[in-house]
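To start, the structure under review is shown below, and the notes come after it.
What follows is calculated from the coordinates using simple rules that are stated; it is not laboratory data. This one's a predicted model, so the numbers in the text were calculated from it and none came from an experiment. Positions of Cβ are backbone-derived with ideal geometry, glycine not excepted, and every protein chain shown enters the neighbour counts.
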Amino acid sequence: MISFRGKAHQFLTQISFYRFQLESKRLLHLSNRLCSNDASFRVSYPTRAVLYVPGSDSKKLTKIFTTNADCVVMDCEDGVALNKKAEAREKIRNLYDTDERVQNNTEGKFAVRINPAETDLASEDIKILFNPKSDILKNNSINNLLPKCIFVPKTSTSQEVKWLFENLNNQLKNYDDLIKLNLFFYMETAIGLINLNDIIKTALSLSKDKYNSKFNLEGFVFGSDDFCADIEATRTKDAFELTYARQKLIAYCKGYKLKVIDMVYIDFKDLEGLRVQCEQGSRMGFTGKQVIHPGQVDVCQQAFTPSKERIDWALGLIEAFDQHQKSGAGAFTYKGQMIDMPSLLQAKNILKIVEKVKKN
Ligand SMILES: CCC(=O)SCCNC(=O)CCNC(=O)[C@H](O)C(C)(C)COP(=O)(O)OP(=O)(O)OC[C@H]1O[C@@H](n2cnc3c(N)ncnc32)[C@H](O)[C@@H]1OP(=O)(O)O
Ligand SMILES: O=CC(=O)O
Ligand SMILES: [Mg+2]
């Protein structure tokens, strides 16, 4: 049996090897060419492991600086007891007021999950979290002091999206030159799944037209546990009961070029079960997964990082495709398989993920 430390070491060794690969001339040349020629090659920050930290728990909050997770979500919602909501907001606000590591992060490494839109709890979250203390603001740029990314749970209707944007806009109206606020919505109710297209279209069009691109819909999170409660399903290890919802969410997110984060694996001591579910999610097209314990992070990040074999396969295929195109063959054999345009696109997808990870 390999210890957890041993596994972490193995993982780090593997990552160093990928880094070496990434630095190789061949990859840089290829990926630069792909990035500059391909408008769909939008490389944003990675979100392989998305770690929840209850906002009310000071000790756990100190761990946000030591985790390898691509993204940390300081929680004001279901990880926080009702009688600790105010404390959670204050502790998170205090981090933005005082900690340079949180302040200096420009994208989404340190995010906050607020309470569901159209609730008094969410109004209070927005009021506190987006309101730096005036004496601190005097000596600091407003952009350093605000969350750069928020997660909005239980989003079920486009009305909730309108409410959210209105409330955020109202709270932020006195500040100029704000950088874009990234948003993740949760799909975790049956009605949310039915209304998904409408929710996405409303968020995209409002943020662009009405709010002058102040908000950026970055992606969706699949709230599997709330979803199970809502559809009255029983959670199983293989997640069979969630197949349709997972696939529908992936298709819609990919249709609109959004990130899509897979479900939580609540049996947090079972790392093997976690690995199986992470790899399944990665194969299905998810861009990352929610985790609830620091011990889950490395397994998750590794599963959402293309293996050396996949990178080699993609690089070789792209080169072979180039050569065959020049010689006039649209379809050809590569490593025993028929390859044509869709395989090229799949190979490019692998490099897109590599590019994202490299940005971290
Ligand atoms: C499913 C639906 C959802 O909404 S999921 C999101 C809401 N739920 C959450 O946020 C729960 C987050 N996780 C946790 O609170 C804890 O991991 C739970 C599950 C309670 C287990 O905690 P605990 O008994 O302390 O675990 P442990 O002794 O194995 O912890 C070892 C060290 O790691 C720390 N730790 C644990 N979890 C976190 C976390 N999420 N973020 C940051 N740090 C964490 C513990 O404090 C402990 O630290 P230390 O070694 O004592 O210094
Ligand atoms: O919020 C997450 C969930 O699974 O519910
Ligand atoms: Mg939930």
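The value obtained for segment 243-360, namely the Cα convex hull volume divided by the number of residues, is 133 Å³ per residue. So what's the gap between the Cα centers of segment 218-276 and segment 40-101, to the nearest angstrom? Segment 218-276 and segment 40-101 have Cα centres spaced 21 Å from each other. Between segment 284-353 and segment 144-178, the C-alpha centres lie 36 angstrom from each other.
What number, rounded to the nearest 500 deg cm²/dmol, is the helix-based mean residue ellipticity at 222 nm of the chain, given -39500 (n - 2.57) per DSSP H run of at least four residues and division by all its residues?
Dividing the helical sum by the residues of the chain leaves -15500 deg cm²/dmol.
Along segment 127-137 the Karplus relation, 6.51 cos²θ - 1.76 cosθ + 1.60 evaluated at θ = phi - 60°, assigns HN-Hα couplings of 4, 7, 5, 9, 9, x, 5, 5, 5, 6, 5 Hz to successive residues, with x for each Gly and Pro. Relative to the longest principal axis of the C-alpha atoms of the chain, give the angle of the C-alpha long axis of helix 158-172, reported between 0 and 90° and rounded to the nearest 10°. So the helix axis and the longest Cα principal axis differ by about 60 degrees. Counting every C-alpha pair in the chain, the share spaced more than 25 angstrom apart comes to 56%. Where both bridge residues fall in the chain, DSSP classifies roughly 10% of the beta bridges as antiparallel. A Förster radius of 22 Å, combined with the Cβ-Cβ distance separating Ala190 from Asp78, puts the computed FRET efficiency at roughly 0.75.
Determine the gain in length on full extension of the stretch Lys308-Asn170; use 0.36 nm per residue of separation and subtract their C-alpha separation, reporting nm with one decimal. Please list the in-between numbers first.
Working: separation 138, 0.36 × 138 = 49.68 nm, distance 4.81 nm.
Length gained between Lys308 and Asn170: 44.9 nm.
Take every Cα-Cα pair in segment 290-329 and report what % of them are more than 15 Å apart.
Numbers: 464 of 780 pairs.
When every Cα pair of segment 290-329 is considered, 59 percent fall beyond 15 Å.
Between the amide H of Val260 and those of Phe220, Thr287, Gly288, distances stay under 5 Å, these residues lying 5 or more places away or on another chain, with hydrogens modeled in the peptide plane. Volume per residue for segment 295-360 equals 85 cubic angstrom (convex hull of Cα atoms).
What do you get for the angle between helix 196-205 and the principal long axis of the chain? Use alpha-carbon atoms, 0 to 90 degrees, nearest ten. Taking Cα atoms only, the helix is inclined about 80 degrees.
Between Met338 and Asn197, what is 0.36 nm times their sequence separation minus the Cα-Cα distance? Round to one decimal in nm. Let's see the in-between values first.
Working: separation 141, 0.36 × 141 = 50.76 nm, distance 3.50 nm.
Here the segment from Met338 to Asn197 would lengthen by 47.3 nm.
Between amide H atoms placed 1.01 Å from N, distances below 5 Å from Asp70 occur with Arg48, Ala49, all of them 5 or more places distant or on a separate chain.
Once the Cα atoms are used to define both axes, helix 308-326 deviates from the longest principal axis of the chain by about 60 degrees.
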